[in-house]
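Colleague: Got a structure for you, questions after.
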Amino acid sequence: MSGRFVRSSKYRHVFGRSTRKEQCYDNLRVSRNAWDTNLIKVNPKHLAVNWEAGGGGAFAVIPLEERGKLPERIPLFRGHTAVVLDTDWNPFNDDLIASGSDDGKVFLWRVPENFTVRPDVEADDIQDIAPVGKLSGHPKKVGHVLFNPAAENVLATASGDYTVKIWDIEAGAPKLTLNVGDIVQSQSWSGNGSLLVTTSRDKKLRIWDVRQERPAHESNGHSGAKNSRAIWLGERDRIATTGFSKMSDRQLALWDIRAAREPMSGFKTLDSGSGVCMPFWDEGNSCLYLAGRGDGNIRYFEVVNDKFEFLSEYKSADPQRGIAFMPKRGVNMHENEIARAYKTINDGYIEPVSFIVPRRSDNFQDDIYPPTLGLTPAMSSSEWLDGKEAIPPKISMASLFDGQGLKEIEGVQEKPTTTIDASEPNPAAEPVANKPEPVAEPVAKKPELAVAKPAPEPVPEPTPVARPAPSMKEQGGAMAAMVNKFADDEEGAESSDDDSSFEEVPKPVERARSTVTESASPRVSSPLRPKETEDKPEPKAEPKSEPKPEPKAEPKPQPKPEPKPEPRSITPITSSPTASESSLSTSAVHREIEEIKNLIAEQTKTIASQSKQMQSLTSEIESLKSKLN
């Protein structure tokens, strides 16, 4: 035995699968510009590639289904007067893309309907695509463009003028300006689109309160001379950064935005590679992918308890300069694909790499495909500028798996319900701890509702019943009488209780005028229950629902409990105000019935737990059968 502990994770065996050359996108001319961007961007319909074009700048858009070798001449998205440095797809419109260029301009483009890179015309007659919008405001090159993930038509552009401008592309004008003070190397929005993180050449990590146009936090980032990258971990308040140490070792770090002075666990050294690590975040699976620029490897980590847990590494002999990851709604769920990357190889073709969870079942795997973001924004640009914060609605991955298209999920959030359920039992626990005798819990007709509202009624009825403590001899006599009386008919009493009185006890109206109410909730069990039942009388309706025990109890009055003052202190509540012996026998019957109810409640819990165990064992057996088949 080696004694090594293997962490349990459903993504521990995820592997990367490459694509055959004939299924790649070949005969490309990827831009050779040295500016540090990802070079390509992808969505479920199109792939955008920064193009090496003469006579100005251009980029190409390739429909994903048009694989194989591309023609020598294809329609390009041309309009910039200098090289295109970065592009970004609109998250709410798969046909709208923005581009930033060395000429200081930001252009907006719309992919034509039924667009193809293999038009049925002569090569000389192929028409390039013109922009549909132009944003002018930066005096120097625009190196990064990034759409807001929550607000519609909000775009962030980082420029060589040391600023980041926030545009309302509907109005065609910049609305906000962030003065960074140096060249921006990367930028990333928070999940609700209210904050923006940037890394810059001055080695500072800044978290911007965008609408206030000021940094909310500023701290020292990676100390190396080479570029660093930052990415927001979706809807979390965490940021991941990659960079270099002073000794040029590649590093990874995790930051808490509420205390961003330094990384949460310091800077984690990865290796001594020279290429920038390009980070990509998978919100649904909590996985972080790191693709090395200039090498062919892609590492992936699972973020658990604010730690990067290494899963595995996809290794390839073909280095990548640019890479892009598919949004979750575009992966192939029928092959259990949780992520898909598109990497450039030799600046000549793009290869898809699928990351797959190895499972044999052909059914929908709901544990690895939680709801994901769709095409509906959370707010408009004007609402965002007015200060609104929201997460976009999510879609069901199961509907995509079944071919039903995008279906938004309403009321998915379980946190409010969980919070209510967790906070309600607290008031009920207070009287149990402080005042054990007068505890009262309302019981509804349905046992499952008895736990939902345990506290409102016992609070106004906390009046205890004053009585002297019985002697040991009296207690022993009462217990002996209880055993002798019901030892021969315990099973019958249990069955009758379960059928009738178990839910009928709390119904009588007399509960409103009694000083102590009765509780028969099958879900609430307490070590104080036997002591409480000695003090709790039963309402009028009890003898009707318990016909069997009462006739046996009346002809056998018990002389031993007679000296006890307890029945006399509560005789005004019982149904027999005439004779003390009948009241004694009735209260004894009620006490014994309550003991039987407690036994039934314990047996019910035991049966429920055993049934849950049987269900779990059955599900495990079915899963093993499916794997064997």
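Colleague: In region 118-150, which residue that is touching a residue at least 40 places away in the same chain (Cβ under 8 Å) and in contact with a Ser or Thr (Cβ under 6 Å, 6 or more places away or on another chain) is surrounded by the fewest Cβ atoms within 10 Å (Cβ to Cβ)?
Modeller: Val145
Colleague: Would you confirm whether any residue within region 232-253 is touching a His at 6+ places or on another chain (Cβ under 8 Å) and closer than 28 Å to Asp386 by Cβ?
Modeller: no
Colleague: If you take the residues of region 147-162 that are in contact with a Phe, Trp or Tyr (Cβ under 7 Å, 6 or more places away or on another chain) and not in a strand (DSSP E or B), which of them is nearest to Arg206 (Cα to Cα)?
Modeller: For region 147-162, the residue satisfying everything is Asn148.
Residues are listed down the side, and each one gets a yes or a no for (1) part of a loop (DSSP other than H, G, I, E, B); (2) at pLDDT below 95; (3) of a type outside the set (Phe, Trp, Tyr); (4) out of contact with any Pro (no Cβ under 8 Å at 6 or more places or on another chain):
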| residue | (1), (2), (3), (4) |
| --- | --- |
| Ala34 | yes, yes, yes, yes |
| Thr37 | yes, yes, yes, yes |
| Asn50 | no, no, yes, yes |
| Gly55 | yes, yes, yes, yes |
| Phe59 | no, no, no, yes |
| Ile62 | no, no, yes, yes |
| Arg73 | yes, yes, yes, yes |
| Asp86 | no, no, yes, yes |
| Gly100 | no, no, yes, yes |
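Colleague: How many residues are in a strand (DSSP E or B) and either more than 27 Å from Pro392 (Cβ to Cβ) or in contact (Cβ under 8 Å) with a residue 40 or more places away in the chain (or both) when one looks only at region 332-371?
Modeller: 15
Colleague: Report every pair of residues separated by at least 6 positions or lying on different chains whose Cβ atoms are under 7 Å apart, first residue within region 603-628 and within 25 Å of Asp362 (Cα to Cα) and at pLDDT below 90, second small (Gly, Ala, Ser) and surrounded by 10 or more Cβ atoms within 10 Å (Cβ to Cβ).
Modeller: Hits for this filter: Ser626/Ser361.
Colleague: Looking for something basic (Lys, Arg) and in contact with a Leu (Cβ under 9 Å, 6 or more places away or on another chain) - is there at least one such residue anywhere in region 77-96?
Modeller: Checking region 77-96: not a single residue is basic (Lys, Arg) and in contact with a Leu (Cβ under 9 Å, 6 or more places away or on another chain).
Colleague: Turning to a different aspect of this structure: When you check Val276 against the structure, is it touching a residue at least 12 places away in the same chain (Cβ under 8 Å), of a type in the set (A, V, I, L, M, F, W, C) and either touching a helix residue (DSSP H, G or I) at 6+ places or on another chain (Cβ under 8 Å) or crowded, with 16+ Cβ neighbours inside 10 Å (or both), yes or no?
Modeller: So Val276 passes the test.
Colleague: Taking the conditions exactly as written (surrounded by 14 or more Cβ atoms within 10 Å (Cβ to Cβ), closer than 22 Å to Cys287 by Cα and in contact with a helix residue (DSSP H, G or I) (Cβ under 8 Å, 6 or more places away or on another chain)), does Asn43 satisfy them or not?
Modeller: So Asn43 passes the test.
Colleague: Quick check: anything in region 294-310 within 20 Å of the chain's Cα centre (by Cα), buried (at least 18 other Cβ atoms within 10 Å of the Cβ) and over 29 Å from Ala216 (Cβ atoms)?
Modeller: Looking through region 294-310, at least one residue is within 20 Å of the chain's Cα centre (by Cα), buried (at least 18 other Cβ atoms within 10 Å of the Cβ) and over 29 Å from Ala216 (Cβ atoms).
Colleague: Determine which member of the set Gly172, Gly243 is within 22 Å of Cys277 (Cα to Cα) and either in contact with a Gly (Cβ under 9 Å, 6 or more places away or on another chain) or free of Cβ contacts under 8 Å to residues at least 60 places away in the same chain (or both).
Modeller: Gly243
Colleague: While we're looking at this one, here's another question. Take region 119-140 and flag every residue that is assigned to a loop (DSSP other than H, G, I, E, B), β-branched (Val, Ile, Thr) and under 30 Å from Ile166 (Cα atoms).
Modeller: Val132, the sole residue that qualifies.
The values are calculated or read from the model by the stated rules, or taken from the named source; none is laboratory data. All values derive from a computational prediction rather than experimental measurement. Ideal geometry is used to build each Cβ from the backbone, glycine not excepted, and the neighbour counts take in all protein chains shown.
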